[in-house]
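Read the structure below first, then the notes.
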């Protein structure tokens, strides 16, 4: 039985499309779906803990900040935040007490953000979730370390390909 992504890819690809058109489009759909599914997994973890003070996007953002002190623009450029409304979420997280924000000492126009103890607690929940997944992904998920190595290598190459498309306007 064909996957939904494969069906979409086959109907979207032009008849004279390159041989990679169908698997490429299927991979695009999988990457999008996987990110949404990760947010669902995080949401589920917080629901199990009766935590409604932060949503999955905000929790992932707090996890990605970790011990770093960053500007809001660095959140997007370094890939810590994938949405378009980073300033909204940062503002909400500051108001809720998950993030510190302070003017940069070197550039007063720039605001630096870091986790508060409350934000660190959210980070630790996600850290624990990921550690549990790392322990169980092979025996339960059936994904071997070799498969992860190949997957990560392919995704890294795809990222470089896209970066080159932007950088060199290919």
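Any read-out appearing in this document is the output of simple, stated calculations on the displayed coordinates, not a laboratory observation. The model shown is predicted, which means the values in this text are computed figures rather than measured ones. Note: ideal-geometry Cβ built from the backbone for every residue, glycine included; neighbour counts use all protein chains shown.
You can think of it this way: the chain between residue 158 and residue 106 has 15.1 nm of extra reach, that is 0.36 nm per residue less the Cα-Cα gap. Return one number: the angle in degrees, 0 to 90 and rounded to the nearest 10, between the long axis of the Cα atoms of helix 21-48 and the longest principal axis of the Cα atoms of the chain. Compared with the principal axis, the helix lies near 40 degrees.
Largest mean-square fluctuation among 59, 72, 27, in a Gaussian network model of the chain whose springs join Cα atoms under 10 Å apart, belongs to 27.
Take the Cα radius of gyration of the chain and divide it by 2.2 N^0.38 Å, N being the number of residues; the result is 1.24. The C-alpha radius of gyration of segment 38-95, expressed as a fraction of 2.2 N^0.38 Å, stands at 1.12. Taking other C-beta atoms within 10 angstrom as a stand-in for reagent exposure, 163, 106 fall in the order 106, 163, fewest first. Counting only DSSP H runs of at least 4 residues, each contributing -39500 (n - 2.57), and dividing by the residue count of the chain, the helix-based mean residue ellipticity at 222 nm comes to -20500 deg cm²/dmol.
A simple spin-label model places the labels of residue 28 and residue 140 3.3 nm from each other, with each point 7 Å out along Cα-to-Cβ. To the nearest ten degrees, helix 117-136 and the longest principal axis of the Cα atoms of the chain are 30 degrees apart.
Annotation for residue 52 and residue 39: the two label points, set 7 Å from Cα along the Cα-Cβ direction, are 2.0 nm apart. Placing dummy labels 7 Å off each Cα toward the beta-carbon, the span from residue 20 to residue 131 is 3.9 nm.
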